[in-house]
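The values are calculated or read from the model by the stated rules, or taken from the named source; none is laboratory data. For clarity, every value in this text was computed on a predicted model and none was experimentally measured. Neighbour counts are summed over all protein chains in view; Cβ atoms, including those assigned to glycine, are modelled from backbone coordinates with ideal geometry. What goes into the accessible areas is simple: the full protein's heavy atoms, side chains included, and nothing from ligands, DNA or RNA. Shrake-Rupley method; radii C 1.70, N 1.55, O 1.52, S 1.80 Å.
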Amino acid sequence: MRPGGGEKGGSGAPAEPADRVPPGKTAYYGKCIETVIKLLDQFKPEKESPEQFLEAAATSLQTLSPQEQAFIMEVLSGCLEYRKLLTIVVDAFYMQDGRLCLWADYSLFEVICYLATFQLEELGFQLFCSIMKSQPVHKVCKFLGFLFNPLNLGSWIKDEWSLFYETTHVKEHWIDPLMRWQPEVQELINQLQGALTNQPPLPKTKAKVTEPKEFNLTAPRPRAIPVPEPVPVVAKTRPVPRSTYRPPKEQRLLEMTKRYNRRKAEELLLRASVEETRCAGPRSRGEPPVEDSKKKLRLQFPPRIVKSPKLTFYRPNDASPVKLNTAAILREGALYQRQVERELQRVDKLVDGAGDLSEFLRWQRKMQAKDREEQLATGECRRLQGKLSHEEAILARQQVVQEKKQKADQKKEETAELMQQCAERRLQEEKSMKELVEQVMETQKNVKVAQTKLLKGRRQMVQEVIDESRELLQRSAEAAKEEQRQRCELISQLRALETQPTRKGKLVDLTQIPGYGLEGEMSVVELRERLALLKETQRCKEEEKRDQIIQGKRAKSRALQNTVEQISLCRAAMGRSAALRWEEKKAQSAAAGAPSRDERVLELQRRIREKAAERRGQEALLHVPAPRAARPKQQAQLEAQRRLEMEQSRERRLRALQRGGSLGGPARCLGAV
């Protein structure tokens, strides 16, 4: 056993000799190590620094004794300081010998590695043994065996630690002491393993090498290799393509294109109806509207600009009330005020002798009806063109199916020939494999003799390396004794300096002026009184400002209330005028018949009937059903959806027209009031 086990270590805990270690020390140090492990598990380097963590840990350990606090804080600070070095060893242990260990014991292995590397000289071997016995035996044995392995210490551990510190420092202060303590630690591992298996530790003697002997067994007869039976070759069927159960992509694209064109046409019609000319020049009542006058009107009067792109139809009886903010109320009140002013100007112009626009508006509605019929005819032509392209796509798809069927028959014939050739090639490969197996069996008999010779040479080399390492450890042990003695003397001097009393700070008088000679110098008590007076003055100013703000808010709320009442009156008048126009437009749309059919529509319908007849004739020749044909039920749903979209578009158009015409209605009502 190494000397120095009874010396005091730098951790603040005494290390006692082997014959004087109390039985309660094991539980004492086990409790301290458990506390360190818990604190290490709580440390998160990405969220807090080591200094802050150590301060928080020191405050949480106030309930423990000073000796326990000193030991725990020293071990915890050392683990955080050398965390990079410890992480290298523990990660390598989990990759090699500790593959079956739990990751929850990561902090335990870090603490053991720190104590063995940096505190073994100061603690002493006996105190180190008592600390190791307080932890799980099988985990400690496995990790100590990995850490004190001479091959690991002299190779990769030294190289990895040299990346962070100088190589000479790593070798002299860390690697060489671990190599010196290796025999004693190996004896400790043997004792712990013996206690674990309830067996006394084996004496330190040279292990007897086991010599293998061959079994005297009867040589079995060689088995006859059966002739493999030919495997029947079955043609692999191709699965049904997924495209069979999906609608064609062309049909989906056509539907998307039709919806986009229809929506675009409705938006253009809506914009044209909203931005129509609002007034025309004065003319006599008997003069009929002609094309020239229409052109002049369009050139002379620009279209009216609508500020808001969103159109809203007010229904005061059905719609729920909308809560408006202050800006919206003021904006709407200003809008209604401008409408009243414009209506008053229009009345003044009529009084002065301006002309009436009723005949121009009738002519304008007539032209709009013609444009609407033309648009409906154009939309019907587009729909029939899409249907015609659908029939042509079905014909093209049937031709492609017929070509694919011919290619599939040709491919099956080629596959049958290839399968025949593959079967012949497989028989030849089986024959060659049988010959190769016989050759391998002969070579395996000669390999066993070479392996036994190689094992003997390796055992001899390992024994020589062990003897040399033992001699090196004995030489380094003598140098370690002197170094340990010097450390103990230095520790005793430092502790003597710590026991000297320290001088406490002086008392402070808050009413005394410092007397530095500065302008406006005052005591702390006077400064507090002045601050209190300043706060009271600031509070009075805030109260006055608050009263002024409340009075201003009340005045604004009264003005807003008056504006809201005026807006409600304008909305009611606008709702009544809009309802009258809605009924009028509804009666006109019901009286209008279906759009007239022109020659383009009839020509497209004739071509569609010809293509459908051609497709049915080709289907009858191929004896296959038409792929992806639209079902009657789906066609009925599409027609119903199309009618619903047309009704919605008409309703939106009428709402836009009502919104455009309703801007003058409330103003006229307010002017009359």
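Quick check on Arg271: is it over 20 Å from Ser389 (Cα atoms), surrounded by 12 or more Cβ atoms within 10 Å (Cβ to Cβ) and free of Cβ contacts under 8 Å to residues at least 12 places away in the same chain? Outline the logic, then answer.
Working: over 20 Å from Ser389 (Cα atoms): yes; surrounded by 12 or more Cβ atoms within 10 Å (Cβ to Cβ): yes; free of Cβ contacts under 8 Å to residues at least 12 places away in the same chain: yes.
In short, yes.
Which of the residues spanning the range 84-100 are under 32 Å from the mean Cα position of the chain (by Cα) and modelled with pLDDT under 85?
Of everything in the range 84-100, just one residue is under 32 Å from the mean Cα position of the chain (by Cα) and modelled with pLDDT under 85, namely Arg99.
Could you check, for the range 17-24, whether at least one of its residues is modelled with pLDDT under 85, more than 20 Å from Ile131 (Cα to Cα) and in a loop (DSSP other than H, G, I, E, B)? Write out each step before concluding.
Filtering the range 17-24 down to residues modelled with pLDDT under 85 leaves 17-24.
Still in the running and more than 20 Å from Ile131 (Cα to Cα): none.
No.
Would you check which residues across the range 481-500 are farther than 20 Å from Phe118 by Cα and of a type in the set (Gly, Ala, Ser) and list them?
The answer is Ala496, and nothing else.
Within the range 466-499, restricting attention to residues that are open to solvent by less than 60 Å² (accessible area, probe 1.4 Å) and hydrophobic (A, V, I, L, M, F, W, C), which residue is modelled with the lowest pLDDT? Don't jump to the end; show me each part of the working.
Taking the range 466-499 first, the residues open to solvent by less than 60 Å² (accessible area, probe 1.4 Å) are 469, 473, 476-477, 480, 484, 488, 491, 496.
Next cut, hydrophobic (A, V, I, L, M, F, W, C) only: 473, 477, 480, 488, 491, 496.
Numbers: Leu473: 87, Ala477: 87, Ala480: 88, Cys488: 90, Ile491: 88, Ala496: 82.
Step by step, filter the range 466-499, then rank; the result is Ala496.
Evaluate the following for Arg652: is it under 30 Å from Arg342 (Cβ atoms), within 48 Å of the chain's Cα centre (by Cα) and modelled with pLDDT of 75 or more?
For Arg652, the condition - under 30 Å from Arg342 (Cβ atoms), within 48 Å of the chain's Cα centre (by Cα) and modelled with pLDDT of 75 or more - is met.
Which helices (runs of 4 or more DSSP H) sit wholly inside the range 138-185 and have at least 3 residues that are under 41 Å from the mean Cα position of the chain (by Cα) and surrounded by fewer than 18 Cβ atoms within 10 Å (Cβ to Cβ)? Walk me through it before giving the result.
Details: elements: 158-162, 167-170, 176-180.
Passing ranges, in order: 158-162.
When residues of the range 348-366 are filtered for being surrounded by fewer than 13 Cβ atoms within 10 Å (Cβ to Cβ), in a helix (DSSP H, G or I) and either hydroxyl-bearing (Ser, Thr, Tyr) or touching a residue at least 24 places away in the same chain (Cβ under 8 Å) (or both), how many remain?
So the answer is 1.
Any idea how many residues of the range 404-421 are free of Cβ contacts under 8 Å to residues at least 12 places away in the same chain and closer than 25 Å to Glu229 by Cα?
4
If you go through the range 166-189, how many residues are over 19 Å from Asp467 (Cβ atoms) and without any contact (Cβ under 8 Å) to a residue 24 or more places away in the chain?
9
Would you mention how many residues in the range 36-47 are loosely packed, with under 14 Cβ neighbours inside 10 Å and either small (Gly, Ala, Ser) or outside any helix (DSSP H, G or I) (or both)? Spell out the reasoning first.
Of the residues in the range 36-47, the ones loosely packed, with under 14 Cβ neighbours inside 10 Å are 38, 41-42, 44-47.
With the extra rule that they be either small (Gly, Ala, Ser) or outside any helix (DSSP H, G or I) (or both), the set shrinks to 44-47.
Going through the range 36-47 one residue at a time, the tally reaches 4.
Can you tell me which of Glu380, Glu343, Glu374 is charged (D, E, K, R), at pLDDT 80 or above and open to solvent by less than 50 Å² (accessible area, probe 1.4 Å)?
On the way: Glu380 fails: open to solvent by less than 50 Å² (accessible area, probe 1.4 Å); Glu374 fails: open to solvent by less than 50 Å² (accessible area, probe 1.4 Å).
Answer to the check: Glu343.
Among the listed residues Thr117, Thr63, Thr87, identify the single one that is out of contact with any Leu (no Cβ under 7 Å at 6 or more places or on another chain) and assigned to a helix (DSSP H, G or I). Let's see the steps before the verdict.
Details: Thr117 fails: out of contact with any Leu (no Cβ under 7 Å at 6 or more places or on another chain); Thr63 fails: assigned to a helix (DSSP H, G or I).
The conditions single out Thr87.
Suppose we filter the range 115-128 for residues that are open to solvent by 10 Å² or more (accessible area, probe 1.4 Å) and either closer than 15 Å to Glu187 by Cβ or free of Cβ contacts under 8 Å to residues at least 40 places away in the same chain (or both); how many remain?
Summing the residues that are open to solvent by 10 Å² or more (accessible area, probe 1.4 Å) and either closer than 15 Å to Glu187 by Cβ or free of Cβ contacts under 8 Å to residues at least 40 places away in the same chain (or both) in the range 115-128 gives 1.
Given the criterion among the hydrophobic types (A, V, I, L, M, F, W, C), surrounded by fewer than 12 Cβ atoms within 10 Å (Cβ to Cβ) and modelled with pLDDT of 85 or more, identify the matching residue among Ala327, Ala393.
Details: Ala393 fails: surrounded by fewer than 12 Cβ atoms within 10 Å (Cβ to Cβ).
Only one candidate qualifies: Ala327.
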